[in-house]
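Participant: Quick one: the structure is below, questions incoming.
The values are calculated or read from the model by the stated rules, or taken from the named source; none is laboratory data. Just so it is clear, the structure is predicted and the values come from calculations on it, not from any experiment. Because the Cβ atoms are built from the backbone with ideal geometry, glycine has one as well, and the counts that use them run over all protein chains shown.
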Amino acid sequence: MKKDCLEIVRSKCEKCMACALGKTRKNIVFSDGNPSSAKVVFIGEAPGEMEDETGRPFVGRAGQLLNEFLAEAGISREEDIYIINTVKCRPPQNRVPSDDEKAACRKFLNAQIDIINPRAIVLCGATALKSFVELDKKQTISKVRGQWMTINVDGKDYKAITIFHPSYLLRNRSMAEGSPRRLMQQDLKNIKDTILPEIDHSQDCNEVVFMETKEIAMV
Ligand code: SF4
């Protein structure tokens, strides 16, 4: 049922030209993961070159690094998580998506979260974080990461946590105590220990009936 609902959203997304990014994309980058079994939604920034080519999020060098960290933490990319981006089309030269572009794409992001109905949302990097949380000047990602909080998406509260974007870790290779890579290990272990032990995959096929209003919400 979740897959069917997501296909409806995807088909709308494939036709979307609501912002300028639609003119230069090769492919929309809609999602990755198993919507029936995923209990955590990971939200990244925007597609890069490899993602634009393949139509899958987190497949470039940053994605490969994320895979390594996930595997080390015992989190299955294929079963435990569902990965999406704040915008579905690649910004030219991999620039940060503008507020207008994020706002134009928000309906897809919100619909995906609503359909997946995750136990937790993981915000990967500053762009994803700022899409949901208004930060004051003292609140850098280094200070906010690793802390559980509640975010509201379309009127519904979700448990959420921020982690570094894996592309940041490509530029910070140290494994010293307190380094970004060590903190990433710590944060993913936190997510695994807090959210994933509760998973009962026997319930995966017993999905509740999803609202017919999903499609209405997308119109
Ligand atoms: Fe549409 Fe989102 Fe692509 Fe912009 S980025 S064209 S809003 S799908």
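Participant: Counting just the residues of region 19-38 that are out of contact with any helix residue (DSSP H, G or I) (no Cβ under 7 Å at 6 or more places or on another chain) and under 24 Å from R77 (Cα atoms), which one comes out farthest from the ligand (Cβ to nearest atom)?
Facilitator: Initial filter on region 19-38 (out of contact with any helix residue (DSSP H, G or I) (no Cβ under 7 Å at 6 or more places or on another chain)): 20, 22-23, 32-34.
After this cut, where a residue has to be under 24 Å from R77 (Cα atoms) as well, the list is 32-34.
On the way: D32: 16, G33: 19, N34: 22 Å.
Of everything passing the filter in region 19-38, N34 is farthest from the ligand (Cβ to nearest atom).
Participant: Follow-up. Hey, could you check region 72-97 for residues that are free of Cβ contacts under 8 Å to residues at least 12 places away in the same chain and either basic (K, R) or in contact with a helix residue (DSSP H, G or I) (Cβ under 8 Å, 6 or more places away or on another chain) (or both) and say which is nearest to the ligand (Cβ to nearest atom)? Even if it seems obvious, please write down each step before you answer.
Facilitator: The first filter runs over region 72-97 and keeps only residues free of Cβ contacts under 8 Å to residues at least 12 places away in the same chain, leaving 76, 93, 95.
Next, from what is left, pick out any that are either basic (K, R) or in contact with a helix residue (DSSP H, G or I) (Cβ under 8 Å, 6 or more places away or on another chain) (or both): 76, 95.
On the way: S76: 28, R95: 13 Å.
Only one residue tops the list, namely R95.
Participant: Does P57 satisfy the criteria of being surrounded by 14 or more Cβ atoms within 10 Å (Cβ to Cβ), more than 28 Å from N190 (Cα to Cα), out of contact with any Cys (no Cβ under 7 Å at 6 or more places or on another chain) and modelled with pLDDT of 95 or more?
Facilitator: Taking the combined requirement at face value, the residue does not satisfy it.
Participant: Take the residues in region 39-54 that are within 15 Å of the ligand (Cβ to nearest atom) and not in a helix (DSSP H, G or I); name whichever of them is surrounded by the most Cβ atoms within 10 Å (Cβ to Cβ). Break it down stepwise before answering.
Facilitator: Step one: filter region 39-54 for residues within 15 Å of the ligand (Cβ to nearest atom), giving 43-48, 51-52.
Narrowing further to those that are not in a helix (DSSP H, G or I): 43-48.
Numbers: I43: 25, G44: 27, E45: 23, A46: 25, P47: 31, G48: 22.
Ranking the qualifying residues of region 39-54, first place goes to P47.
Participant: Mind checking whether some residue in region 98-109 is touching a residue at least 40 places away in the same chain (Cβ under 8 Å), outside any loop (DSSP other than H, G, I, E, B), away from the ligand (no atom under 12 Å from the Cβ) and among the charged types (D, E, K, R)?
Facilitator: No, every residue in region 98-109 fails to be touching a residue at least 40 places away in the same chain (Cβ under 8 Å), outside any loop (DSSP other than H, G, I, E, B), away from the ligand (no atom under 12 Å from the Cβ) and among the charged types (D, E, K, R).
Participant: Another question, then. Does any residue of region 60-71 turn out to be more than 16 Å from the ligand (Cβ to nearest atom), buried (at least 17 other Cβ atoms within 10 Å of the Cβ) and assigned to a strand (DSSP E or B)? First the steps, then the outcome.
Facilitator: Filtering region 60-71 for residues more than 16 Å from the ligand (Cβ to nearest atom) gives 60-71.
Subset that is buried (at least 17 other Cβ atoms within 10 Å of the Cβ): 60, 62-63, 65-66, 69-70.
Add one more test, that the residue is assigned to a strand (DSSP E or B), and what stays is none.
No, region 60-71 contains no residue that is more than 16 Å from the ligand (Cβ to nearest atom), buried (at least 17 other Cβ atoms within 10 Å of the Cβ) and assigned to a strand (DSSP E or B).
Participant: When you go through (1) on the phi > 0 side of the Ramachandran plot; (2) among the small types (G, A, S); (3) buried (at least 22 other Cβ atoms within 10 Å of the Cβ) one by one for G74, which number turns out not to apply?
Facilitator: (3)
Participant: Of all the residues that make up region 13-32, how many are surrounded by 15 or more Cβ atoms within 10 Å (Cβ to Cβ) and either in contact with a His (Cβ under 8 Å, 6 or more places away or on another chain) or assigned to a helix (DSSP H, G or I) (or both)? Write out each step before concluding.
Facilitator: Step one: list which residues in region 13-32 are surrounded by 15 or more Cβ atoms within 10 Å (Cβ to Cβ), which gives 13, 16, 18-19, 21-22, 25, 27-32.
Among the residues that remain, those that are also either in contact with a His (Cβ under 8 Å, 6 or more places away or on another chain) or assigned to a helix (DSSP H, G or I) (or both) are: 13, 21-22.
Result for region 13-32: 3.
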